[in-house]
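Read the figures in this text as sums done on the coordinates, not as results from a lab. Since we're looking at a predicted model, the values are computed, not measured. Using ideal geometry, Cβ is built from the backbone for each residue, glycine included, and neighbour counts are taken over all protein chains shown.
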Amino acid sequence: MSAFPEIKKIRFEGPDSKNPLAFRFYDENEMVEGKSMKDHLRFSVAYWHTMRGSGSDPFGPGTMVRPWDDGSESVENACNRARVAFEFIEKLGAPYYAFHDRDVAPEGSSLSESNKNLDAVAKVLKEEQERTGVKLLWGTANLFSNPRFMHGASTSCNADAFAFAGAQVKKALEVTKELGGENYVFWGGREGYQTLLNTDLKREIDHMGRFMHLAVDYAKKIGFTGQFLIEPKPKEPTKHQYDSDAAACINFLRAYDLTDHFKLNIETNHATLAGHTMAHELEYAGMQGLLGSIDANTGDLMLGWDTDQFPTNVYLATEVMLSLLKYGLSPGGVNFDAKVRRESFEPIDLFYSHIGGMDAFARGLKIAAAIRADGEFDKFLAQRYNSWDEGIGAQIESGQADLAALETYMLEKGEIAPNASGRQEMLEGLFNRYM
Ligand code: XLS
Ligand code: NI
Ligand code: NI
């Protein structure tokens, strides 16, 4: 039985289409810089928001109307929901999805029952993947919802919580491998602290390092070859999350010798919560060869929390796509870690929201490619830094000049060459020319 009987497969109809159930810019076969849009963007549907988002907030219960869901925590309901998920993803035309262990299958009354539930649903997920050709972008374990993780998972003061989390990751890795997952994500939901008065910071972070190594070792043991990713977020739920931004994550990975195994999964709303732009986080991770994947969403300037809204801002999507074209994305993807608003409670809103996000990114991709083809910004940058290409600049970069050499140089020269304008306003205007 169809859950969306009135919806046909979403098609590309071109920019003039007025049909809100069609793509105006996302044509999966269109070639951009020698690659199809589908392969550039690698769109992924987030199971937790799209299939499990209830619309509840701290002030009231859920609002979503989901006729296929009987509201129970039964395995049967979970299996049925999984089939609906694939009907949705297939009609939308996204090539990937992503999930947490506990979004797809109900947690049982014991670890072994939870594992059994997960196996039962994973069987359906596998069948549906094979039926539709939709693939798993990444799997992950929910190590933050259950009260046992109140003090954290790998960074809990309670060694048993670490052990339970490890057991959960073991199982999630096995299932991710079984489903051909191309990545495995760690978002440290409660890995952080509320007050230093009760926290042994060094011990907790050391434990997190240990935890990641255990995952790497186990992946090797079972032959899981997907990319490990760590997802930065500065706060929420804890006041201070250990993975607070790209720089903190990269420092953690370096300190614990994990950079060969991990890259970053950068999320837009997390970047802004950290007081950075998404473009900054992407560039920072990218320049170190550690950009892995993105959680595409957006926050609200008026609201200071992780609102996880669908991204529709073409300017922002263009900035993101400039980084993704520069550094590459595969085996990562553009995962819509985004939820419809509480007021958008009808099933059809799931389509409108994803179509809007996919079109914004498709447009961003085309604009970014046009910017790159013209090369105006590259030319400006090359010119701005050209004092480093020869003379004293080249000597400094190549390590040939020591401080004494700099002194000799400046004593002779007297004053620095005149500075040039940064031209920010001109460049912002130039950027808008492409929009
Ligand atoms: C929460 C995170 C979460 C991760 C996966 O803010 O974005 O959804 O992406 O655990
Ligand atoms: Ni996320
Ligand atoms: Ni988030």
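Points worth noting:
- For segment 390-429, Kirkwood radius (reciprocal of mean inverse C-alpha pair distance, Å): 12.2
- The gain in end-to-end length when the N432 to Y315 segment is fully stretched comes to 41.3 nm, 0.36 nm per residue minus the alpha carbon separation.
- Pairwise FRET efficiency - E425 versus A405, Cβ, R0 = 35 Å, nearest 0.05: 0.40
- Given R0 = 22 Å, the distance between the Cβ atoms of S344 and L301 translates into a calculated FRET efficiency of 0.65.
- Unsatisfied cross-links (Cα-Cα over 25 Å) in the set K38/K116; K91/K123; K233/K339; K35/K221; K177/K239: K38/K116; K35/K221; K177/K239
- Exposure proxy order (Cβ contacts within 10 Å, fewest to most) of I416, I371: I416, I371
- Close amide H contacts of I230 (hydrogens built in the peptide plane, cut-off under 5 Å, sequence separation of 5 or more or a different chain): F186, K263, L264, N265.
- Cα-Cα P(r), segment 339-435, percent of pairs per 5 Å interval: 2, 10, 12, 12, 10, 9, 9, 9, 7, 5, 4, 4, 3, 2, 0
- The chain: translational diffusion in µm²/s, Stokes-Einstein, Kirkwood Rh over Cα pairs, 37 °C, 0.692 mPa s: 140
- The chain: calculated mean residue ellipticity at 222 nm from DSSP helix runs of at least 4, using -39500 (n - 2.57): -14500 deg cm²/dmol
- Among E73, E390, E319: highest mean-square fluctuation, GNM of the chain, C-alpha pairs under 10 Å: E390
- C-alpha long axis of helix 75-92 to longest principal axis of the chain, angle in °: 50
- In order through segment 137-149: 3J(HN,Hα) via Karplus (6.51 cos²θ - 1.76 cosθ + 1.60), integer Hz, x for Gly, Pro: 6, 7, x, 7, 10, 7, 10, 9, 7, 4, x, 4, 9
- Just checking the listed ones, R384, R52, R131: in the Gaussian network model of the chain with Cα springs under 10 Å, the one fluctuating most is R384.
- Taking one quarter of the surface of the C-alpha convex hull of segment 233-385 gives a mean projected area of 10.7 nm².
- Max mean-square fluctuation residue, GNM over the chain, Cα-Cα springs under 10 Å, options R11, R423, R203: R423
- Rounded to the nearest 10 degrees, the angle from helix 347-374 to the longest Cα principal axis of the chain is 20 degrees.
- Taking the DSSP bridge list for the chain and keeping only pairs wholly inside it, about 20 percent are antiparallel.
- Acute angle (nearest 10 degrees) that the helix 424-434 long axis makes with the longest principal axis of the chain, alpha-carbon atoms: 50
- With the biggest extent put first, the Cα atoms of segment 17-95 measure 47, 28, 23 Å across the principal axes.
- Over segment 90-213, all Cα pairs binned in 10 Å intervals from 0 give whole-percent P(r) values of 13, 41, 29, 14, 4, 0, listed from short to long.
- Between segment 322-362 and segment 144-163, the C-alpha centres lie 31 angstrom from each other.
- Karplus-derived 3J(HN,Hα), 6.51/-1.76/1.60, for each residue of segment 100-109, Hz, glycine and proline x: 9, 3, 7, 7, 7, 10, x, 6, x, 7
- Pairwise Cα distances in segment 87-134 exceed 15 Å for 49 percent of all pairs.
- Square roots of 5 times each gyration tensor eigenvalue, C-alpha, segment 58-100, largest first, Å: 21, 15, 11
- Mean separation of Cα contacts under 8 Å (6+ apart) over length of the chain, as relative contact order %: 15
- The mean of 1/r over all pairs of different alpha-carbon atoms in segment 309-369, once inverted, gives a Kirkwood hydrodynamic radius of 12.2 Å.
- Antiparallel %, DSSP beta bridges [both residues in segment 117-247], to 5: 25
- Antiparallel DSSP beta bridges within segment 1-148, percent to nearest 5: 25
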